[in-house]
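Note sheet for the following structure.
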Amino acid sequence: MDTNYQRENATILLVDDSPDNLIMMSSLLRDTYNVKIASSGENALLIAISDTPPDLILLDIMMPSMDGYEVCWRLKKDRRTMNIPVIFLTSKTDVEDERKGLELGAVDFISKPINPEIVMARVKNHLSLKIKADFLQHKNDGLEIEVAKLQYTRPLHFRN
């Protein structure tokens, strides 16, 4: 399993209503990852269910129309997007906000202003975990297919 190759080709979706934040985060990540940008929760959901979904989502909480909590909740209830790791990247620093985000299914919570080295380390770690989880899921799916084949082709034994 070549996690370096996969990590370097990973796609990160940045979701924030602030163009300045999108520019700053994009410039931080684009040398290492493919970066997609959404300026609203609605656009983020459309990108997440596209034919090329992101490998990880960095999501702001405070956005008009649909906040980050709602976006995360929708992602986690949809089987197509439920396994995409979500990291909240927000200026909210209250413990209750962090608890709520984690209970909704986010894997991490980073407070603004960000420390670039910390963001890069957390993104790298969560992508590594996702790659390993995807690998195990793929192997499990293969084993389930093999078991189903064996059950289907196994001869019936009759008793007298």
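Nothing in this text is a laboratory measurement; each read-out follows from the coordinates by a stated rule. All figures in this text were calculated on a predicted structure; none of them were measured in a lab. As a convention, Cβ positions derive from the backbone with ideal geometry for all residues, glycine included, and neighbour counts pool all protein chains shown.
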GNM top mover of Val86, Val107, Val147 - the chain, alpha-carbon springs below 10 Å: Val147
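Could you state, as a whole-number percent, how many of the C-alpha pairs of the chain are farther apart than 26 Å?
Everything past 26 Å amounts to 32 percent.
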Where labels lie 7 Å past Cα in the beta-carbon direction, separation of Glu117 and Ser40 in nm: 3.9 nm
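What translational D, rounded to a whole number of µm²/s, comes out for segment 26-77 from Stokes-Einstein when the hydrodynamic radius is the Kirkwood one over Cα pairs, at 37 °C and 0.692 mPa s?
On the way: Rh = 11.7 Å.
Result for D is 282 µm²/s.
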Point-to-point label distance, Ser65-Lys77, nm (Cα→Cβ direction, 7 Å offset): 1.9 nm
Gained length - Thr153 relative to Thr32, 0.36 nm times residue gap less alpha-carbon distance: 38.8 nm
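If the limit is 21 Å between Cα atoms, which of Lys36/Lys76; Lys36/Lys92; Lys112/Lys132; Lys76/Lys139 go over it? The partial results should precede the final answer.
Details: Lys36/Lys76 19 Å; Lys36/Lys92 23 Å; Lys112/Lys132 29 Å; Lys76/Lys139 23 Å.
Violating the 21 Å limit, Cα to Cα: Lys36/Lys92; Lys112/Lys132; Lys76/Lys139.
Which of Arg30, Arg79 comes first, and how do the rest follow, when ranked by fewest Cβ neighbours within 10 Å?
By the 10 Å Cβ count, ascending, the order reads Arg79, Arg30.
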Order of Val95, Val71 - criterion: other Cβ atoms within 10 Å of each residue's Cβ, fewest first: Val95, Val71
